[in-house]
1. Among the residues of segment 331-350, is any within 35 Å of the chain's Cα centre (by Cα) and farther than 29 Å from T530 by Cβ?
2. Going through E103, E82 one at a time, which residue ends up being farther than 23 Å from S310 by Cα and surrounded by 17 or more Cβ atoms within 10 Å (Cβ to Cβ)?
3. So which residues in segment 151-196 are under 28 Å from I40 (Cα atoms), in contact with a Phe, Trp or Tyr (Cβ under 7 Å, 6 or more places away or on another chain) and of a type in the set (F, W, Y)?
4. What do you reckon, is I304 among the hydrophobic types (A, V, I, L, M, F, W, C) and over 18 Å from G149 (Cα atoms)?
5. What is the one condition in (1) touching a residue at least 12 places away in the same chain (Cβ under 8 Å); (2) under 37 Å from the mean Cα position of the chain (by Cα); (3) exposed (fewer than 15 other Cβ atoms within 10 Å of the Cβ) that E381 does not satisfy?
6. What are the residues in segment 558-574 that are within 15 Å of A534 (Cβ to Cβ) and among the polar types (S, T, N, Q), if any?
7. Between K93, K20, K16, which is crowded, with 17+ Cβ neighbours inside 10 Å and more than 29 Å from V286 (Cβ to Cβ)?
8. Yes or no: segment 556-577 includes at least one residue that is closer than 24 Å to R395 by Cβ, in contact with a helix residue (DSSP H, G or I) (Cβ under 8 Å, 6 or more places away or on another chain) and not polar (S, T, N, Q).
Amino acid sequence: MKKLKRTFGNVLFLLKPWWKYGKSLVIWSQFFTIIYPVRIIAEVTIAQGIIEAAQSGRGTAHVVLVAVAYITVIVGLWIAREARIRVFESWIKVDITAAIEREIYEKAIRTDYMYVDSPDFFDNYKMATDEYVSRSQKMWDSVNTLAGGIVGLLSMVGVFLTTEPFVIILVFVGLGIMAVFRFFIASNETEIWRINTPSRRRMNYVTRLLYMKSANADLRATNAKDRIFEHYNASKDSIINVAKRFRWKQFLYGCIYIIGGNLATYIVMLYTALGFVSGRIESIGVFTTLVAATGNMSFQFSQITDNVTSIFETTLYADKVRQFFGLHSEIEPSTGRTTPADAPLSLELRDVSFSYPNSEFGLKNLNITVNAGEKIAIVGENGAGKTTLSKLLLRLYDVNSGEILYNGVNIKDYDVRALRRQIGVAFQEPHLYTLTVRENMQVYHSASDEVLREVLQTVGLDADLDRDVTREFDDSGIMLSGGQAQKLGLSRLLIGEFGLLLLDEPSSALDPLAEYEMTKLMFNRSRTTTIMVAHRLSTIRDADCIYLISNGAVAEQGTHDELIALNGKYAEMFSKQAENYVR
């Protein structure tokens with residue numbers, strides 16, 4: 001009972017978007033389901049109608065009139081069906097499926113960032129993106145076709161009851177055989193799908209790798225592809241072995257299924273033929289109607305069993321998708337205060353500690369104070385926790401203990417989306433979108449082309465505003481080097497005002513002199529509070545305060561001159577980097 005309830009819940013889950021985004025389609029389709037019996041009854045009785053019209057002795061005109069009437073109904077309803085599918089449904093289904101896809105993407109964006117680190121999240125997200133739209137549409141089509149099949153079957157039952165009721169028993173014997181063995185076939189198909197799921201995922205891994213540029217390049221430069229294809233071939237062989245294991249059983253079930261479906265038609269043909277010969281059935285028209293109705297009934301029953309099976313198979317995919325949509329998020333839905341627009345933010349970290357799940361690394365009791373308009377730098381060795389700190393300041397994660405305060409207010413008390421709009425971010429590897437240069441520059445604020453060109457000149461990047469970045473969709477798109485990409489990423493922060501600039505090694509791909517000039521440009525940018533995460537220490541000498549993070553804690557803090565005079569870890573790191581430049 002519990003399993004049946006879950007299955008029914010999955011059916012409703014997959015159908016819900018079609019009612020949500022396409023009520024008119026649902027209503028229109030049900031109207032055609034209601035009038036569907038008119039067409040199929042006309043199709044199975046047309047021969048009888050014409051024959052009986054000819055036997056009535058009322059002349060050729062009457063026969064033609066009857067034939068025209070039947071053909072008009074049949075063809076007219078077929079044309080109406082085509083109009084529904086080609087004229088109405090063709091475009092509205094695109095609209096519905098696009099709405100479903102957008103729902104997936106919006107859910108992914110609204111889900112807390114911590115889930116991004118989880119393999120289960122990506123499995124469920126991939127299942128949602130790959131299967132939700134197609135399975136939802138398949139569920140809609142299956143339920144819609146099932147409704148038509150039931151109505152059609154009942155119509156044929158009505159035809160038999162008004163002509164030869166006993167034939168129904170013969171028909172249902174054959175159809176019962178069909179139903180039983182269709183179930184066996186479906187059960188085997190489900191088992192095959194379950195067994196092959198790990199192998200299919202391994203084979204699909206190759207597809208995912210070739211979508212990733214870094215992996216694509218690595219496959220070409222190394223022998224990793226040989227190992228990958230070994231696993232690919234092993235997975236393929238596994239799927240083949242499963243197919244071989246089930247082949248004879250599926251073949252036997254398929255043969256019995258076909259025999260059961262045709263048996264009813266042949267028995268009815270024999271039964272009605274004998275009835276016609278014996279005189280029990282007086283009209284050959286009744287004979288043709290019964291034969292046609294049997295064939296149609298077999299078709300309708302096949303539609304029902306196939307679509308019931310399809311519905312149950314489709315619900316298997318719904319669990320993963322429901323898990324994706326059922327993820328609970330605490331950060332992304334948060335609402336609350338907003339910060340003063342365009343005013344510099346002050347920032348304080350009070351005894352902040354944080355660690356990732358299943359990781360020994362962590363930030364420990366960080367205490368950092370940044371006054372409004374102040375320029376500070378965060379430095380340290382790789383893996384010290386500098387980038388993790390950036391994610392905490394954006395509230396992509398919540399701290400395990402302690403507090404992060406903006407303008408003296410706990411970060412959790414703010415509307416998280418409004419707060420992030422006040423923070424301009426530039427990372428070491430900026431994400432550039434396959435949009436025009438203009439659109440890439442305006443991800444935070446809009447500006448005139450004149451301002452955009454001035455900004456490009458300021459960062460030293462010569463680029464046409466109308467050209468696409470990357471060549472994914474346009475062969476005339478521009479390909480940027482690492483340094484050029486960083487300049488374009490930084491240009492976004494020179495448009496409009498922010499409360500805080502958060503810069504995580506945003507110019508590391510530039511040469512030391514160019515990086516120093518770029519850092520100076522960002523530090524001198526109006527009165528905005530600025531936090532620079534840096535690796536090259538020579539670039540942040542002008543910072544108001546420098547914090548050295550080591551093993552997840554603040555080891556040293558002060559101005560550049562103060563830290564050099566301290567002769568500690570910072571002075572050692574600065575001296576080693578200076579030696580490299582001298583050499």
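The values are calculated or read from the model by the stated rules, or taken from the named source; none is laboratory data. None of the values given here were measured: they were computed from a predicted structure. Cβ atoms come from the backbone with ideal geometry, glycine included; neighbour counts cover every protein chain shown.
1. Pass one, segment 331-350, residues within 35 Å of the chain's Cα centre (by Cα): 331-339, 341.
Then keep just the ones that are farther than 29 Å from T530 by Cβ; that gives 333.
Checked against the condition, which is being within 35 Å of the chain's Cα centre (by Cα) and farther than 29 Å from T530 by Cβ, segment 331-350 yields at least one hit.
2. Details: E82 fails: surrounded by 17 or more Cβ atoms within 10 Å (Cβ to Cβ).
From the options E103, E82, the qualifying one is E103.
3. Residue satisfying the conditions is F181 alone.
4. Working: among the hydrophobic types (A, V, I, L, M, F, W, C): yes; over 18 Å from G149 (Cα atoms): no.
In short, no.
5. Of (1) touching a residue at least 12 places away in the same chain (Cβ under 8 Å); (2) under 37 Å from the mean Cα position of the chain (by Cα); (3) exposed (fewer than 15 other Cβ atoms within 10 Å of the Cβ), only one is false for E381: (2).
6. The one that is within 15 Å of A534 (Cβ to Cβ) and among the polar types (S, T, N, Q): T559.
7. Result of the check over K93, K20, K16: K93.
8. No - not one qualifying residue is present in segment 556-577.
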